Each structure stands twice: as structure tokens, then as C-alpha cells.
Amino acid sequence: MAFIRQYVMPLLIVLVFAFTLFVVSARIFLPNDLAAPAPLTEPEPVSIPSQASLPPALDQLVSGPAS
């Protein structure tokens, strides 16, 4: 058990780190310029269907307390 804890697990951690470093660095050389930032798009507004379909407990959370 000590062999696994002292040799195998640290080696596994280093190998996983090296693999992830390689994968992240390889994005530079991929086509379609994946190294560029993601494009920003405006979010589409979401319309809430009629409030009659909401349960009473959710109605107060969505539209606020009745005034």
C-alpha cells in the first residue's frame, strides 16, 4: 500500500497534469482559431407564458407579492 501511495499516485497526478497541459496548449495549433475568445451574442429575452399556468407557490416568486 505504501508503494502505491508513494510512487504510483504522485506519478499519476503528474501524468494527468502533463496531459491536461498538452491538451490546453494544443488548442493553439488547431484550425478555426480556437485560441480566440468566444464570440459574444446578445441573449434573447425569454417571455413567460400566462401566469395562470404557474402554481401558487411559484407565482409569488416570479411576479412578486400581490400589492
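Summary of computed values
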{"read-out": "Positions within the range 7-59 being outside any loop (DSSP other than H, G, I, E, B), at pLDDT below 75 and not hydroxyl-bearing (Ser, Thr, Tyr), in sequence order", "value": "GLN51, ALA52, PRO56, ALA57, ASP59"}
{"read-out": "Given (1) more than 30 Å from the chain's Cα centre (by Cα); (2) among the hydroxyl-bearing types (Ser, Thr, Tyr); (3) modelled with pLDDT under 75, index of the condition SER63 fails", "value": "(1)"}
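The values are calculated or read from the model by the stated rules, or taken from the named source; none is laboratory data. Bear in mind that the values here come from a model prediction, so they are computed numbers and not experimental data.
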